[in-house]
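Some notes on the structure that comes next.
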Amino acid sequence: MISIQNIQFRYPHGEFRLTIPEFSATQGEKVAIVGPSGSGKTTLLNLLAGILTPASGVIEVKKTAINDLNDANRRDFRIRNIGFVFQDFELLDYLTVFDNILHPYRITGALKLSEEVRQRAIHLAERMCIAGYLKKHPGELSQGEKQRAAICRAMLPNPSLILADEATGNLDPANKTRILDLLFENVDAHEATLVAVTHDHELLPRFDRVVDFQAFPSGGGL
Amino acid sequence: MDSLYLAWQYVRFNKAKTIILVASITLIAVLPLALESLLTESERQLLVRAESTPLLIGTKGSALDLVMNSLYFDDEIPELMTMEAVERIHDTQFALPIPLYVRFQARGHPIVGTTFDYFEFRRLSIDQGCPLTMLGDCVLGAKAAELLGIGPGDDLVSSPDNLFDLAGVYPLKMKVAGVLAPNHSADDLAVFVDLKTAWVIQGLGHGHQDVTRTRDNSVVLKRADGNVAANAKLYHYTEITEDNLDNFHFHGDMSIYPLTAIIAVPNDEKSGALLRGRYLDRDDTEQAFLPAEVIDGLLQNIFRIRNVIDSVIAVVGLAMVLVIILVFTLSLRLRQREIQTIFRLGCRRAMIGRMLLAEIVLILSVSGVLCMAVLGVVNANAEELVRRLLMG
Amino acid sequence: MKTVHQIVLGMILVFSSHVSAAERLSVYTVNYPLAYFAERIGDDQVEVVFPAPADVDPAYWMPDRTTIAAYQQADLILLNGANYAKWIGKVSLPRSKMVDTSRKFKDRYLYTSEVTTHSHGTEGAHAHESLAFTTWLDFSLAKLQAESIYEALARKRPMSEIEFKRNYQTLAGDLDKLHAQITAIVARDPDRTLLGTHSVYDYLNAGYEMNLKSVHWDPDEAPTVSRWNDLKHILEGHQGMYMLWKSEPLLESVSDLRKKGIESVVFSPSANRPDSGDFLTVMRANIGALALAYK
């Protein structure tokens, strides 16, 4: 599913460098990424998403060398195949929960919003137990409810790869577990690959594999 | 469409910011356009009225005051002239003189003392009731009747000049004979009376019992030389009725009775020029001029003032535009996180641009619609607004 | 064929000379003499209206609103001038249609001493009651009034000016004859003292330099003691043998005057339309009566 070979990455303005000789994940695999702050965990997720491009090396997702795609194609590939779950949920305050879930379909021509998509969104929300909040705005939801909505948004395009950056970082312990359960449920249901950056070590045993970023050479002023 | 939908949700959610932006843009758009509309209408009204008045004659002094009082019934009363001037014009046979005495008011509306010819000259027709017939009658302009809430058969009392001047003008109860059809001019707000009725209001004419036949000596000061001098005890009627009409009369030489102006309607162009020529003597106490020339001069001044106002509005408008740009820029900064998120989700740069542009387009569209609505209201009421402004 | 042409031409001429009612000028007057003059001058080009009732002195008549409205709609309103029709000063009429027929001789207006005026306070101006107004009884002035009417009609209808002028000249000739007749009668005895029962004879008196003094008697009322005293006062300095009346007096008045050696004759001002005849016939009858007074 994912394959990274000998990538070298460096931010244009700064000293940080990341070198990843090799990294991979199979379809359906749940991989946790751990490491100290500034080690490049989020950078890895951005490289996998095609948001950043390496100076050298190959990044393949679903057998597509995404770093060879141009910016527009990378964005299209990303929105069709990769779902993002953020630590701060990143829901839009001015949209209802329902519109937030459908949001990816409104910001790109690569996805077509149809009645079938709307129905799927509703089913997703039901599975995430937030169907009753679809007409509310994020400001009216609890932290856990917001993250569930964010997960629905990430899952709706049926992505092959889910990238979660500290998805449980802002949740209380009870919600952490619950959210992770829901995330895993949906990942399994879609047979998607999950790469999650986390600082929550108590959650690590639930993942198929844990990758410690200290193993990869990095440095710089982070 | 998606970008419009998202933009619509955004402006709806941020109501306060949206309202302020829309209001600001509407204001800077509406102000100059509304002002332009009102000024254009002012020009039109002033010119139409002035051009339809061939020649105006009055005592030498401010021509503008004379025009404003005679054509628009402004309450600034010009220097008075006398009825004798009317007879002089009549004797020349160059023009039809239409005297005006615009001095008094009735419940805030100017009383225009004139002759029957005025109505034909201004093409005023009766909509209700009948024209001026007898002393004490008044005919109301359409708007005056509507505002006063009176019609044919009702009474209207003239307003006293000065509540504390006991020797001054007394109120006269006039009978509303008729109401004119709308004319869309200053005539709509006026109360028309026969010139003689205006003189009665002033006290130059009055009605009382016949002192030459009365047996009540308490009202008689002196009887001598075929004349009976009455004293102040003699009661003067405050209303002219068909019963006491016979008792109304005027004292003294009517050729020196006052007027505010005379509209002269020349028989032809040559007669007009000849008549005007008679007032060119520097020692003459009277002047004759074309109202259109005076109004044209006034409009030239207005035009200069308008340029200044336009410049001020332009500067203010520019400042407003800069502020609006700043607001949008700050808004963009506030949405930076949102932009980053959708960027990370996979949104193309063009779409981001479209979303932000859609917000601007939406706000501008709403402002545009509001602007058109406000301008529509202003244009629909410009005539009335301007007329009220001119009338004061 | 020639006959047909002549008939057709004749019909055209007949019909073209007949002015329809809609084309006639509407002329309203304030007394009968002016109506007569307008009818003589305007002929079939005018429709003359003098609406005052026959039993009301037009000088003191007050028309109702409907009648005033009719005056307002007229093409011409002929006024006598000299403050004749008191009602004119109390109504609204279009100045553009008004013709003051005595304007040409307003510097020759006469003031009557028979009316008591009034003022307010000792320094106040007098009200305007004291002008004499039967101007047409001086036929030289009547001719000027007729001329004013002719000029007004000609201004209104320039294409008929020639016709109006012709008619005016005919009327003027008639008025000149009347003028000459009275002049000749008075010339028989310029100092002949006459009495008049009303100030209506002021212009007659002044115009023909008669020696007439007036009392204020009404033909249909028996004079009061006070009125007899007025006459007695006048007779002390002015012994007249003939009394001129506006209309047929009471027999009693005639008889009482006769006892004092005064004969009564009627000299009608003809302010109203006569029951029979016209202005000329009335004036000729007046002149006949005057001739009697100067016998």
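For the stretch A:172-194, the candidate set comprises residues that are within 15 Å of A:Ile151 (Cβ to Cβ) and of a type in the set (A, V, I, L, M); within that set, the residue that is surrounded by the fewest Cβ atoms within 10 Å (Cβ to Cβ) is A:Ala189. Put simply, of A:Asp165, A:Asp200, A:Asp181, A:Asp208 the only residue that is of a type in the set (Asp, Glu) and in contact with a Gly (Cβ under 8 Å, 6 or more places away or on another chain) is A:Asp200. On the stretch given as the stretch B:119-130, residues that are within 9 Å of chain C (Cβ to nearest Cβ) and crowded, with 20+ Cβ neighbours inside 10 Å total 1. Which one of B:Leu362, B:Leu334, B:Leu375, B:Leu385 is surrounded by fewer than 13 Cβ atoms within 10 Å (Cβ to Cβ) and aliphatic (A, V, I, L, M)? Result: B:Leu334 is the single residue among B:Leu362, B:Leu334, B:Leu375, B:Leu385 that is surrounded by fewer than 13 Cβ atoms within 10 Å (Cβ to Cβ) and aliphatic (A, V, I, L, M). Step by step: first the residues of the stretch B:88-97, then only those that are in a strand (DSSP E or B) and of a type in the set (A, V, I, L, M), then the one that is farthest from the other protein chains (Cβ to nearest Cβ). Which residue is that? My answer is B:Ala95. Highlighted here are the strands (runs of 3 or more DSSP E) found entirely within the stretch A:16-93 that include at least 2 residues which are touching a strand residue (DSSP E or B) at 6+ places or on another chain (Cβ under 7 Å) and within 14 Å of chain B (Cβ to nearest Cβ): A:82-86.
Counting residues in the stretch B:136-153 that are within 14 Å of chain C (Cβ to nearest Cβ) and either among the hydroxyl-bearing types (Ser, Thr, Tyr) or closer than 16 Å to B:Leu204 by Cβ (or both) gives one or more. Apart from one condition, B:Ala85 fits all of (1) part of a helix (DSSP H, G or I); (2) more than 20 Å from B:Leu135 (Cβ to Cβ); (3) within 9 Å of another protein chain (Cβ to nearest Cβ); the exception is (3).
Among the residues of the stretch A:9-16, is there at least one that is under 21 Å from A:Ala192 (Cα atoms) and out of contact with any Gly (no Cβ under 9 Å at 6 or more places or on another chain)? No, that holds for no residue. With respect to the conditions (1) under 20 Å from C:Leu204 (Cβ atoms); (2) surrounded by fewer than 19 Cβ atoms within 10 Å (Cβ to Cβ); (3) at pLDDT 95 or above; (4) aliphatic (A, V, I, L, M), C:Ile162 falls short on a single one, namely (1). Beta carbons closer than 9 Å, at least 6 apart along the sequence or on distinct chains, pair a first residue in the stretch C:45-70 that is within 13 Å of another protein chain (Cβ to nearest Cβ) and β-branched (Val, Ile, Thr) with a second that is crowded, with 17+ Cβ neighbours inside 10 Å and in a helix (DSSP H, G or I) for C:Ile68/C:Trp87. Please go through the stretch C:257-272 and give me each residue that is part of a helix (DSSP H, G or I) and surrounded by fewer than 17 Cβ atoms within 10 Å (Cβ to Cβ), ordered by number. Listed by number, the residues that qualify are C:Arg258, C:Lys259. If I go through the stretch C:217-246 residue by residue, how many of them are surrounded by 11 or more Cβ atoms within 10 Å (Cβ to Cβ) and under 21 Å from C:Asp191 (Cβ atoms)? Qualifying residue count for the region: 11.
Per the listing B:Arg387, B:Arg304, the residue uniquely of a type outside the set (A, V, I, L, M) and either closer than 30 Å to B:Glu269 by Cα or touching a residue at least 60 places away in the same chain (Cβ under 8 Å) (or both) is B:Arg387. Those strands (runs of 3 or more DSSP E) of the stretch C:25-113 in which 3 or more residues are crowded, with 18+ Cβ neighbours inside 10 Å, in contact with a strand residue (DSSP E or B) (Cβ under 6 Å, 6 or more places away or on another chain) and of a type in the set (A, V, I, L, M) occupy C:76-79.
Return a yes/no flag: does the stretch A:110-120 have any residue that is within 19 Å of the chain's Cα centre (by Cα) and closer than 13 Å to B:Thr341 by Cβ. Within the stretch A:110-120 (the criterion being within 19 Å of the chain's Cα centre (by Cα) and closer than 13 Å to B:Thr341 by Cβ), the answer is no, since none of the residues qualifies.
The values are calculated or read from the model by the stated rules, or taken from the named source; none is laboratory data. Remember, it's a predicted structure, so these values are computed and weren't measured experimentally. No Cβ is skipped: glycine too gets one built from the backbone with ideal geometry, and neighbour counts run over all protein chains shown.
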